[in-house]
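Taking it in order: structure first as structure tokens, then the write-up.
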Amino acid sequence: MTAFLRLENIAKRFGGVVALDGVSLEISQGEILGLVGENGSGKSTLIKVLSGIYTPDHGDIYIDNKCYKYLTPRQAIKEGISVIYQDFALCPNLTVAENIAIARLMFSDKKLVNWRELYQTAAKSLSQLTDHIPLDVEVGVLSTADRQIVAIARALLENARLIVMDEPTTALTEKEITALFSLLKKIRDQGISIMFVSHKLQEVKQLCDRIVVLRDGHKMFDGPAQEVDLPTLQVYMTGRVIETISAMPTESSMAKPPLFRVIDLTLPPYFYNVSFELRYGEVIGITGLLGSGRRELALALVGLMQPLGGTIYIEGKQVKIKRIWDAWKNGIAYIPEDRITEGLHLPCSITANVILPTLIAGFYKRTFFRYSQYKNVGEQWRSILNIKAPNAETPVKNLSGGNQQKVVLAKCLATKPKIVVMNCPTMGIDVGSKADFHKMIRSLSAQGLGIVLITDDIPELLQTCDKILILKNGKVAHETTPASLTEEELYTLLLQENT
């Protein structure tokens, strides 16, 4: 295959932090390249160098053997480099056609819009991918998978020769992922290169022709995907062997009375008559495809949505949870699905984030608050959870995704809960941080905490949970245990239950 793009000895520093240190790689025409690495490995910096957002400190960029010391965003687009970020960078209030053609409009010198020409141009680009998305609907009403197709169609209209996709499968179902992979292979066969950036190593192995691994700004591996297995990739990424854990309920935990009982919890149209028991030291996994009601169930358990029926008992006592403050008072902590918008105040320090529930409790109790008396709390939790930061006054926005998630966990544990509801707690964090988080889950359960883990990560369910509930159309369709089936069998069961 012909090399379309080549990077030679690219370096980038931010103050004293080395983001990239002499990274060299090439991307051939019509190749799918997997780019993997832990958070902080340099993946995002490399993407921004390619797209012209960052200027490298030194090194060369070759496109069709033409040398650039750096690219501007306009040059990158002109050379056919298009980046599709996790949020797709679409305008939800504009139509599909307008979103597809917006870049071409911005770079044209026309002062008036020819709407007929715009729709014809957008239709031609979209028809290469699908025929089921109307051009005149607003993008905001589309599914995640369809919005992704619109973003790809926009890239094709910009004459993309390299499409960089950043964590493209995070919010997709298994069926949508399969459809996306078929689409990307079709694009590859047209001679367009793809850089697939993901934490999901199984998907990278499945899709990509070649894999590049970054660690601490250095390239650790560059070779064919079929020549490296998952454990070896994990070692290249983390510098250590990732040990998996096995979840097995102990007889002592099963003999204890229920800590948390949910009976016939109902909130149409999201879920109906959901019942389960959680014992001390037990981890219950709840899973289901998108639309199964799992997210809404998590919100109802912590007071962020109000069920219309059913009862909740904690240690044998019926409780009413109408808001998150009620959950805290009754010993329920919550790790939300989106740590950025729901779990953290990014400009604030680790300490400020950790003590926030205490501050809110003081507000409700009308007690006086002194920040100085809680200053050591953040430092204590930074040490306990091994949060990588210079000190507890470091703004959370400066931390990697895995360390940000540890701050969310610290904020929850600082309330001294009996029960922790975790909604997709490892979404978007790297393999090393995920393994550490799994160990923390089992460590917390060993201390007697009850944990409700809501996730679509099948290996995560099997490694951490004592019991697994599968939701279909808002109802518990199946209950099983990790010991009774394999990963493939659970995948099959999940898909069968949702057909």
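Any read-out appearing in this document is the output of simple, stated calculations on the displayed coordinates, not a laboratory observation. Since this is a predicted model, take the numbers as computed values, not measurements. Here the Cβ positions follow ideal geometry from the backbone for every residue, glycine too, while neighbour counts run over all protein chains shown.
Phi angles of the stretch 411-426 translate, via the Karplus equation with coefficients 6.51, -1.76, 1.60 and θ = phi - 60°, into HN-Hα couplings of 4, 5, 5, 5, 7, 6, x, 9, 10, 10, 9, 10, 9, 6, x, 10 Hz per residue; Gly and Pro are given as x.
With only Cα atoms counted, the chain has Rg and Dmax values of 24.3, 75 Å. Around the amide H of Gly288, modelled in the peptide plane, lie the amide H atoms of Leu471, all under 5 Å away and 5 or more residues distant in sequence or on another chain. Length gained on full extension, Glu479 to Leu359, computed as 0.36 nm times the residue gap minus the Cα-Cα distance: 39.3 nm. Taking 7 Å steps out from each Cα toward its Cβ at Lys66 and Asn93 produces label points 3.8 nm apart. Extending 7 Å from the Cα toward the beta-carbon at both Gln318 and Glu138 defines two label points whose distance is 4.3 nm. As a size descriptor, the averaged projected area of the C-alpha convex hull of the stretch 26-125 was calculated at 8.7 nm².
Going 7 Å from the Cα of Arg240 in the Cα-to-Cβ direction, what parts of the stretch 180-220 have a backbone nitrogen less than 17 Å from that spot? Correct set: 215-216. Near the amide H of Ala19, within less than 5 Å, lie the amide hydrogens of Lys12, Arg13, Phe14, all on another chain or at least 5 residues away, with H placed in the peptide plane. Taking 19 Å as the straight-line reach from the Cα of Lys388, the lysines in range (excluding those fewer than 8 positions away in the same chain) are Lys43, Lys375, Lys397, Lys406, Lys411, Lys434, Lys439. Histogrammed with a bin width of 10 Å, the alpha carbon distances of the stretch 3-238 distribute as 8, 32, 35, 20, 5, 0 percent, first bin at zero. Fully extending the segment from Asp57 to Glu488, taken as 0.36 nm per residue of separation minus the present Cα-Cα distance, adds 150.5 nm. For the pair Asn114 and Asn376, a Förster radius of 51 Å applied to the C-beta separation gives a FRET efficiency near 0.20, rounded to the nearest 0.05. When the charge dipole of the stretch 109-182 is built from unit charges on Cβ atoms (+1 for Lys and Arg, -1 for Asp and Glu) and taken about the Cα centre, the candidate among Ile149, Thr170, Ala160 whose Cα reaches farthest toward its positive end is Ala160. Give me the base-10 log of I(q)/I(0) for the stretch 251-496 at each q in 0.13 Å⁻¹, Debye formula, one uniform scatterer per Cα, rounded to two decimals. Normalising to I(0) and taking log10 leaves -0.80. Taking θ as phi - 60° and the Karplus parameters 6.51, -1.76 and 1.60, the scalar couplings of the stretch 156-162 work out to 5, 5, 7, 6, 4, 10, 9 Hz in sequence order, x denoting glycine and proline.
Along the stretch 47-54 the Karplus relation, 6.51 cos²θ - 1.76 cosθ + 1.60 evaluated at θ = phi - 60°, assigns HN-Hα couplings of 4, 6, 5, 5, 8, x, 6, 10 Hz to successive residues, with x for each Gly and Pro. In a reduced charge model with +1 at each Lys and Arg Cβ and -1 at each Asp and Glu Cβ, the stretch 144-303 shows a dipole moment near 220 debye about its Cα centre.
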